[in-house]
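Peer 1: Structure in structure tokens, see below.
The values are calculated or read from the model by the stated rules, or taken from the named source; none is laboratory data. The shown structure was predicted, so the numbers you read here are calculated from the model rather than taken from an experiment. Neighbour counts run over all protein chains shown; Cβ positions are idealised from the backbone, glycine included. The protein model used for the area step is the full one, side chains on, heavy atoms only, and it has no ligands, DNA or RNA in it. Shrake-Rupley method; radii C 1.70, N 1.55, O 1.52, S 1.80 Å.
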Amino acid sequence: MESPSSPNYPKTTMFLLALASLVVVLAGMKAAAEIINPLLLALFTTALSAPIYFALLSRRVPEPIALVLVISGIVALGFTVTVMIGTSVDGFSQNIPHYQDRLKQVNGALFEWLQAQGVSVDIERARSLLDLGAVMGFVSNGLNRLLATLTNAFFILLLVIFCLLELNQLSGKIHAVATDGDDTMQRVEHISKSISRYFGIKLLVSFATALPITLVLWWMGLDYPMLWGLLALLLNFIPNIGSMIAAIPAVIMTLIQFGFGSAAWVAVLYIGINSVMGNLIEPRLMGRTLGLSPLVVFVSLVLWGWLLGPVGMFLSVPLTMVLKIALESHPETQRAALWLGS
């Protein structure tokens, strides 16, 4: 008996079906963001820690000890970042009313000067635009959402442990299941190396960006210099707009404490450091690691941020890199991969 042939739909119908399927998948991802975020963090943490884990195993360190050392490092780093963010945000949030009053005084002096120069200013509207609580609320809300995800630390660590243990058997399973086991294993290794290299370079550049900013703000006597430096480090992982977002609260705080002149110098400091790091240092170090179009990087930031929140913004580039590598591995989807490339 002949097998029934598949229906021959018009190309327009197939495109609409594919588009509808994509919409359903994206809607499902957005609805399940609280579950997907810890899973993604665990997978990317595994990809980052796997080279260290296998390096320890290659030096004949017993597997349980190597696993304990890697997990201990992850716990120490996560605990340090969480405590620094949590204490700084709590302390700053308590002082927001004082800073808001001080900002009103600074704004009042500015408005009086503008009116003396003959410039008409709608004071109430201008004050609503310069609302410190709204700006800092946006920053602290993003950090709190990130901390809320990190509170699933025990679940994430369990996933990382099982993923690391599974890596020893991954090659054998891929060769047993896949018809092109060698090619599939090469793609998996390529994805892991690309992610590790991206995060390694990004961490180095972010630290080199945050360190001088922290030292200069501390030297100026600005309140919470560690918080602004940590914001510069973390938000530098968000492409295109992260460094600009990190500069806003620090400039406003400088305006409150020291006035317009110092705030302008701090703005110049952020622009100068981020221009050097983002346009000169980072592209030289990254080379062809990304292989993504700048437009694709920006669109992926918006898309993953909308779907998964702050975690999606932090992981937007690695997630798009994985998608591009997956599309490149199949002849039917290589054209789509070309659209993502640089």
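Peer 1: Once phi is turned into θ = phi - 60°, what whole-Hz ³J(HN,Hα) does the Karplus curve with 6.51, -1.76 and 1.60 give for every residue of region 32-44, x standing for Gly and Pro?
Peer 2: Residue by residue, region 32-44 yields 9, 4, 5, 8, 5, 4, x, 5, 5, 4, 5, 5, 6 Hz.
Peer 1: Expressed as a whole percentage, what fraction of the accessible surface of region 26-68 belongs to carbon and sulfur atoms when a 1.4 Å probe is rolled over the protein heavy atoms?
Peer 2: Carbon and sulfur atoms account for 72 percent of the accessible area of region 26-68.
Peer 1: Please report Rg over Rh for region 191-289, where both radii come from the alpha carbon positions and Rh follows the Kirkwood definition.
Peer 2: Checking Rg against Rh, the ratio lands at 1.03.
Peer 1: So what J values fall out for region 246-255 if you push phi through Karplus, 6.51 cos²θ - 1.76 cosθ + 1.60 with θ = phi - 60°, rounded to Hz, Gly and Pro as x?
Peer 2: Once θ is set to phi - 60°, the couplings for region 246-255 become 5, 6, 4, x, 5, 5, 5, 5, 5, 4 Hz.
Peer 1: Shifting gears a bit: Per residue of region 217-229, what does 6.51 cos²θ - 1.76 cosθ + 1.60 with θ = phi - 60° give for ³J(HN,Hα)? Whole Hz please, x for Gly and Pro, Karplus curve as stated.
Peer 2: Going residue by residue, I get 5, 5, 5, 6, x, 5, 5, 6, x, 5, 5, 5, x Hz, with x marking Gly and Pro.
Peer 1: Roughly how many Å² is the accessible area per residue of region 250-333, as a whole number, for a 1.4 Å probe?
Peer 2: 48
Peer 1: Compute the FRET efficiency between residue 90 and residue 208 as 1/(1 + (r/R0)^6), taking r as their Cβ-Cβ distance and R0 = 35 Å, and round to the nearest 0.05.
Peer 2: 0.80
Peer 1: Could you check how much of the accessible area of region 191-325 is carbon and sulfur, as a whole percent, using a 1.4 Å probe?
Peer 2: After summing per-atom areas, the C and S share lands at 77 percent.
Peer 1: Residues with amide H under 5 Å of residue 341's amide H, sequence separation 5 or more or different chain, H placed in the peptide plane at 1.01 Å from N; which?
Peer 2: The list, which skips near neighbours in sequence, is 293.
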